[in-house]
Amino acid sequence: MNIATFHDTGYAIAPQPPTPLLTIENVTKIYPTSKGPNVVLDGVNLTVSAGEFICVIGHSGCGKSTLLNMVSGFNQPTSGEVRLKGQLIKKPGPDRMVVFQNYSLLPWLTVYENVYLAVDAVHPAYDELKKKDIVMHHLAMVGLVEAIEKKPPQVSGGMRQRVAIARALAVRPELLILDEPFGALDAITKEELQEELLKIWWEQKCTVMMITHDIDEALFLCDRLVLMTNGPAAKIGEVIKIPFEHPRDRDHILEDPQYYDLRNYILDYLFGRMSHEE
Amino acid sequence: MAVSYRNGKNNSNPLLKFWQERRGDILPPLVGVLLFLAVWQLIVAIGLIRLPGPYQIWEDQRARNLILYPFYDRGGLDKGLALQTFASLTRVAMGYGLAAVVGIALGILVGLQPLANKMLDPIFQFLRMVAPLAWVPIALVALQQNQPAAIFVIFITSVWPILINTAEGVRQIPQDYINVRRVLRLSTRRFFTKILFPSALPYIFTGLRIAIGLAWLAIIAAEIVMSGIVGIGFFIWDAYQQNYVSEIIVAVFYIGSVGLLLDRGMALLQRWIVPEK
Ligand SMILES: Nc1ncnc2c1ncn2[C@@H]1O[C@H](COP(=O)(O)OP(=O)(O)OP(=O)(O)O)[C@@H](O)[C@H]1O
Ligand SMILES: [Mg+2]
């Protein structure tokens with residue numbers, strides 16, 4: 001089978017719907033250090049359409065978080081532009097909600113209050129009943145109705161990450177950004193959460209950008225997989241279209257011979273070519 | 001059989017049960033205090049120091065009256081020790097309350113604004129080193145009256161630990177929580193109530209607890225210098241002038257106990273408001 005039929009070098013190979021939600025153009029990030037400038041990213045280009053699920057994979061320290069932080073607005077590119085619906089991104093905002101790896105829940109608020117804080121901050125004008133409805137709807141979506149009165153330190157890591165996802169989705173962001181959200185979880189919880197995230201994405205038609213270290217996770221979840229080259233001066237090496245039909249079923253995908261071709265190709269890319277270049 | 005019988009009996013008497021459970025916590029300090037009194041009496045008896053011993057204090061008519069009637073009031077400065085202590089505590093409450101408000105407010109400002117911190121930190125560190133007693137003449141000249149001057153001395157002594165700890169608490173707010181604020185674009189009010197205060201609270205309480213001890217130390221020093229006011233500090237000075245040594249020792253006992261109670265009270269409040277993880 002010819003790998004080239006489902007991947008290509010460069011960017012934007014999938015047939016693009018007319019309006020890109022997010023455009024990353026010629027983005028470069030240079031950190032000044034005592035040993036001179038540290039070029040982390042050098043000329044990154046990517047276009048994301050509304051409703052896509054994008055995963056970003058690459059070696060540790062290549063600049064994945066740096067890239068997503070420029071999309072969320074916590075960081076600014078040294079040169080180049082990041083635009084959401086044509087608007088230059090200048091600072092963080094609830095239209096680009098982030099699910100952080102360490103959950104970032106407020107431990108003195110209950111699960112309910114953590115989500116409520118977000119809804120209340122973004123929609124202060126909604127009446128109380130509507131806000132409550134939104135909070136409960138999203139907590140139900142991640143199966144947390146039982147735990148709403150608990151404080152984050154009292155619940156498991158998986159449940160905390162569910163709260164963080166519910167909080168992010170409850171404000172209906174244009175783009176959901178996840179930085180290695182499941183890295184700290186055990187294998188079973190991880191698979192459960194992957195399935196839930198995929199289901200929510202499919203039902204809500206939201207747009208997701210997610211960093212992962214896990215090739216299987218990326219293959220299960222995303223429409224397009226962004227492979228980064230090694231740092232320093234990393235860029236996007238390839239963007240691979242993942243051809244599996246939605247809604248996806250894990251067992252079904254695992255039986256697909258394409259799965260192993262893709263997996264080997266990515267493994268070879270990361271640990272073959274990319275590790276030799278160092 | 002005997003054991004179970006005993007247990008049954010213990011459970012029926014709560015006082016006995018309490019004693020059996022807490023015996024280990026109650027007995028050693030009690031023995032310690034008794035030993036201390038005995039050693040003190042001994043040192044006095046062999047003539048090592050010229051202070052009265054516990055027995056002499058009890059025998060002293062004036063000192064015994066002070067012990068037995070803490071609430072007597074014959075007008076003017078002639079009041080029981082509980083009333084004297086209460087007058088001092090009122091001053092501490094006012095000065096300390098002011099210090100808490102100003103210290104927390106300035107601490108938040110300095111914690112949030114690195115520039116304000118750079119500007120003010122040298123001044124704070126400098127003023128912090130000035131001893132309470134050194135403030136007394138300045139306060140008396142500046143404020144002209146005993147009462148406001150005493151309150152000012154309390155304030156200026158106890159404000160620093162509150163300020164410095166609050167500022168540190170604000171600086172230590174985890175970046176994660178700051179990120180939540182930024183991505184949700186929380187209003188300043190929500191940021192203060194939902195993130196800043198809960199996060200800095202343990203630090204603020206540490207400052208408050210250090211400050212209450214300092215405030216109590218300072219009031220005694222301040223009152224000794226300020227003549228003619230009702231208060232345990234001036235009471236000691238007055239007794240010294242008239243050479244009533246036993247009275248001084250009874251008053252010192254009050255000072256120590258109040259200091260201990262204030263500290264324990266703050267510790268309790270701290271445990272109640274700032275739950276440990
Ligand atoms: N504030 C900073 N100042 C200087 N260098 C930085 C800064 N932040 C990140 N870097 C550097 O940028 C590079 C990329 O970091 P980044 O966190 O984006 O990597 P990553 O791909 O997310 O890694 P990981 O997979 O381990 O999370 C690293 O080499 C790091 O040392
Ligand atoms: Mg990272």
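Please treat every number below as a calculation from the coordinates, not as lab data. Note that the structure is a prediction, hence the values are computed from the model and not measured. Glycine also receives a Cβ, built like all others from the backbone with ideal geometry; neighbour counts cover every protein chain displayed.
Worth pointing out:
- Tensor-based shape of the range B:29-69 (alpha-carbon gyration tensor, a/c under 1.5 rounded, otherwise prolate or oblate): oblate
- Using θ = phi - 60° in the Karplus curve 6.51 cos²θ - 1.76 cosθ + 1.60, the 3J(HN,Hα) couplings for the range B:113-128 round to 10, x, 5, 4, 4, 4, 5, 9, 4, x, 5, 4, 5, 5, 5, 4 Hz; x is entered for Gly and Pro.
- Percentage relative contact order, chain B, counting C-alpha pairs under 8 Å, at least six apart: 21
- Evaluated on chain B, the Kirkwood hydrodynamic radius is 22.3 Å, with distances taken between all distinct Cα atoms.
- The ranking of A:S104, B:S158, A:S65, B:S88 from fewest to most other beta carbons within 10 Å of each one's beta carbon is A:S65, A:S104, B:S88, B:S158.
- Paired Rg and Dmax values of the range B:176-220, which use every Cα atom, in angstrom: 15.7, 51
- Straight-line reach from B:K194: taking Cα to Cα under 23 Å and skipping same-chain neighbours fewer than 8 places apart, the lysines in range are A:K91, A:K130, A:K131, A:K132, A:K150, A:K151, B:K277.
- Isolated cysteines of chain A, defined as having no other cysteine beta carbon under 4.7 Å away, are A:C62, A:C206.
- Net charge, B:L217 excluded, C-beta distance under 14 Å - Lys, Arg +1, Asp, Glu -1: 0
- Rg then Dmax, both in Å and based on the Cα atoms of the range A:221-278: 13.2, 39.
- Put in order of Cβ neighbour count within 10 Å, fewest first, the listed residues A:F244, B:F234, A:F100 become A:F244, A:F100, B:F234.
- Diffusion constant of the protein assembly as shown at 37 °C, which comes from Stokes-Einstein with the Kirkwood Cα-pair radius and 0.692 mPa s, µm²/s: 112
- Amide H to amide H distances under 5 Å link A:L178 with A:V99, A:M209, A:M210, A:I211, where only residues 5 or more positions off or on other chains count and H is placed in the peptide plane.
- Distance between the C-alpha centres of the range B:175-224 and the range A:120-140: 30 Å, rounded to the whole angstrom.
- Charge tally for B:I236 (other residues, Cβ to Cβ under 13 Å; Lys, Arg +1; Asp, Glu -1): -3.
- Amide H to amide H, with H built 1.01 Å from N, A:G43 comes under 5 Å of A:V27, A:T28, A:K29, counting only residues 5 or more places away or on other chains.
- Note on the range B:111-174: percent of Cα-Cα distances in each 10 Å bin, starting at 0 and stopping at the bin with the largest distance, equals 20, 41, 27, 11, 1.
- Normalised contact order of chain A, rounded percent, pairs of Cα under 8 Å and 6 or more residues apart: 26
- Rounded if a/c under 1.5, otherwise prolate or oblate - the range B:173-262, Cα gyration tensor axes: prolate
- Dipole size of the protein assembly as shown about its Cα centre, with +1 on Lys/Arg Cβ and -1 on Asp/Glu Cβ: approximately 2000 debye, rounded to the nearest 20.
- Flagged links, alpha-carbon separation over 18 Å, of A:K29/A:K235; A:K205/A:K235; A:K64/A:K85; A:K35/B:K118: A:K205/A:K235; A:K64/A:K85; A:K35/B:K118
- Taking the convex hull of Cα positions in the range A:116-245, its mean projected area over all directions (nm²): 9.7
- Vicinal HN-Hα couplings computed from phi for the range A:73-78 (Karplus, 6.51 cos²θ - 1.76 cosθ + 1.60; Hz; Gly/Pro x): x, 6, 9, 10, x, 5
- Principal-axis tilt of helix A:128-141 within chain A, Cα atoms, nearest 10 degrees: 50
- Comparing Cα centroids, the range B:29-58 and the range B:124-171 end up 37 angstrom apart.
- Both radii come from the Cα set of chain A: Rg as radius of gyration, Rh as Kirkwood radius; their ratio Rg/Rh reads 0.97.
- For the range B:1-145, fraction of C-alpha pairs farther apart than 18 Å, in %: 80
- Within the shell defined by Cβ-Cβ distances under 15 Å, the residues around B:Y72 carry a net charge of +1, with Lys and Arg each +1 and Asp and Glu each -1.
- Shielding by partners for peptide B:180-192, expressed as the average number of C-beta atoms from other protein chains within 10 Å of each residue's C-beta, is 5.
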